[in-house]
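The values are calculated or read from the model by the stated rules, or taken from the named source; none is laboratory data. Keep in mind it's a predicted model, so treat the numbers as computed, not measured. Backbone-built Cβ (ideal geometry, glycine too); neighbour counts: all protein chains shown. Accessible surface areas use protein heavy atoms only, side chains included; no ligands, DNA or RNA. Shrake-Rupley method; radii C 1.70, N 1.55, O 1.52, S 1.80 Å.
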Amino acid sequence: MTEDTIAGLAGAVRTGARTATEICQRALAQLDATEPSLHAFNTVAADRALARAAAIDRHPARWKQAPLAGVPIALKDNLCTRGLRTTASSRILDTFVPPYDATVVERLEAAGAVVVGKTNCDEFAMGSSNENSAYGPARNPWALDRTPGGSSGGSAAAGAAGIAPAARGSDTGGSIPQPAAICGVVGLKPTYGRVSRYGLIAFASSLDQIGPFTRTVRDAALVLSAIAGHDPMDATSEAEPVPPYADALTGDVRGARIGVPRGLVGAGVDREVAQAFDEALASLADRGARLVDVELPHAPYAIPVYYLVATAEASSNLARYDGVRYGMRTPPAAGAGPDLPAMYASTRAQGFGPEVKRRIMLGTYVLSAGYYDAYYLKAQQVRTLILRDYDRAFERVDAVAMPTTPTPAFRLGEHAADPLQMYLGDVFTVSANLAGLPALSVPCGFTAGGLPIGLQLIGRRHDESTLLRVADAYERGTAWWTHRPPIATR
Amino acid sequence: MPAQLTSDDVVRIAALANVTLDPREIALFTRQIGELLAYVEQLQQVDTAGVPPTASVRRGAAGASADRPDEVRPSLEIADTLANAPDADRSQMEGGFFRVPRVIG
């Protein structure tokens, strides 16, 4: 089962056992076969990908050291790609063709990756189900009537369906671990500042981070090594040295202290998810990890804090969509006046979907005169308390474990009428974003109905290595990662 | 805390946010944003006296300045930039302009 991992494919290309072109053709064929069911892609870049693969095959000597040589990769459609349409799944950017590449795209291509397309996501990454895409939702490869999660739903679905062994997502409030868990793949949200966001279409700047979806933990380490590190183009990227993440994968978790916030995970979790979580903890303990009870007393407030901070920042970030420099422009309705402000308002009315409007409205409200202290400032103060909870826990443990999601994938449309119910599903993922901590989801089982379940590990700032080490050791002792949905093998 | 959100509030916020809403959206958002504000009300239970706000979790700022020398560097080509414009005048000898509707009456 190693042939469709990044490590396996790149190794085969480097030794000349396989060509990048043949691997790319297979990925595109699988994409074509599954796309009518999954709708995982907004844009397929077949010609661009084949040209790129051919270029790698023409000069094999140049790629002898390339960690991702010839590896097909799917990019979330909020990462700018020069000359390749980038929409953020929004009508307002339907025709946008970026004049530059995101830093992660440059780094991935320099490492040998071949971009096969841009994946479907919630509009401007706002959502947990991919249903807020202007192009309609992507679907879960394990159950086509269910969500692949969000906001990076298409990326997780493409990874699970065997189209691309590496997919790139972005994460503002759990948009990598959550879809990874419910699509049965590995997802890693790095520490805030670990990966450059230059060229990522901004949602909430104090929370956004970019990270990989892969089939194995080792592959996540390989991709993170390729994309991490300081970038002068992103003032929030940190200068911290990038360790060789793959070296952390010793298979040994003896002595690792894993914190379990029993108070947080004790209630409101689906029975099968809770059981899989307990079994995963037992497996880690069997391998020599020490389980330690920890308390995160302010974690239950993470969702209200998140929806105030994220919407406030979004209302500011999305002010740039004004119908002037790029994207769509809609003339004002008759009677609204022919002038510039009327054009802004009608363009944004036509260009944004309901969830984006709702969040811009909420964010504008909480920042407006008279409400700032009660909502936004208060949320930032509780954010400090959430951070302190984690600081205190990490004095005693090396990582904190919890289920990635309280339930397996829900049905498309299940929460459509009630945005708040949808938000509550993010209870275990948003606190890592608020605290800027790395978080990793690794498959840890299936429901009786065959839906994947994820184990989430949250680590200290800039300690992705511990998460990767623990998750890799867990993965070696289980076979969950080898399970594939039927759609991946046909 | 503020009183119940009204449709007038929603119309006022929409103007601040530069979004035109139709009557159906005004009614929907009045209800939904009102529910979200009621939900976040639980934060008032948390004692935050003396707690500083967190605007950014970035901690490397002290050690690594984000400043750079103020030097002229290459930027995007004007033609590439205007290629995405919904309306532009590309004929000008200086390279062209974005075109916008009337700004002042």
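For chain B, the longest principal axis of the Cα atoms and the long axis of helix B:23-40 meet at an angle of about 60 degrees. Pull up all non-local amide H partners of A:ARG146: gap of 5 or more, or a different chain, and H-to-H distance under 5 Å with H placed in the peptide plane. Residues meeting the criterion, in which the H sits 1.01 Å from N, are A:ASN140, A:LEU412. When accessible surface is computed with a 1.4 Å probe, chains B and A are found to bury approximately 5500 Å² between them, both chains counted. Computed packing ranks the peptides A:143-154, A:107-118, A:379-390 as A:143-154, A:107-118, A:379-390, most packed first, by mean other Cβ atoms within 10 Å.
With one equal scatterer per alpha carbon and no solvent term, the Debye-computed log10 I(q)/I(0) for segment A:165-219 at 0.27 1/Å reads -1.07. Ordering A:THR19, A:LEU468, A:ALA256 by the projection of their Cα atoms onto the charge dipole of the protein assembly as shown, which places +1 on the Cβ of Lys and Arg and -1 on the Cβ of Asp and Glu, puts A:THR19 at the extreme positive end. Here the Karplus curve 6.51 cos²θ - 1.76 cosθ + 1.60, taken at θ = phi - 60°, turns the phi angles of segment A:179-189 into couplings of x, 4, 4, 7, 9, x, 10, 8, x, 10, 9 Hz, with x standing for Gly and Pro. Listed values for segment A:461-477 are Karplus-derived 3J(HN,Hα) couplings in whole Hz (6.51 cos²θ - 1.76 cosθ + 1.60, θ = phi - 60°), namely 3, 6, 10, 4, 4, 5, 4, 5, 5, 5, 5, 5, 5, 4, 4, 4, x, and x replaces Gly and Pro. I'd like the distance between the alpha-carbon centres of segment A:345-406 and segment A:265-296, rounded to an integer number of Å. Going from one Cα centre to the other spans 27 Å.
Taking every DSSP beta bridge that has both ends in the protein assembly as shown, the antiparallel portion is near 70%. Counting, for every residue in A:156-164, the Cβ atoms of other protein chains within 10 Å of its Cβ and taking the mean gives 0. Taking the inverse of the mean reciprocal distance over all distinct Cα pairs, the Kirkwood hydrodynamic radius of segment A:299-378 comes to 13.8 Å.
Look at the stretch A:341-354: the mean tally of other chain Cβ atoms within 10 Å of its residues' Cβ atoms is 4. Close amide H partners of A:ALA289, meaning residues 5 or more places away or on another chain with modelled amide H under 5 Å apart, are A:GLY255.
The dipole here belongs to chain A: it is taken about the Cα centre, uses +1 on the Cβ of Lys and Arg and -1 on the Cβ of Asp and Glu, and is about 620 debye. Scanning chain B for GluC sites (Glu not before Pro) that sit in a DSSP loop and have at most 10 other Cβ atoms within 10 Å, the longest stretch containing none of them is B:1-70.
Taking every residue in A:409-420 and counting other chain Cβ atoms within 10 Å of its Cβ, the average works out to 1. Overall, the anisotropy analysis places chain B in the oblate class: the square-rooted eigenvalues a ≥ b ≥ c of its C-alpha gyration tensor yield a/c not less than 1.5, with a/b not exceeding b/c. Taking the empirical scaling 2.2 N^0.38 Å for compact globular proteins as reference, segment A:33-184 has a Cα radius of gyration ratio of 0.99.
In terms of Cα atoms, the Rg and Dmax of the protein assembly as shown work out to 23.3, 76 Å. Listed values for segment A:433-446 are Karplus-derived 3J(HN,Hα) couplings in whole Hz (6.51 cos²θ - 1.76 cosθ + 1.60, θ = phi - 60°), namely 5, 4, 8, x, 8, x, 9, 10, 10, 10, x, 9, x, 9, and x replaces Gly and Pro.
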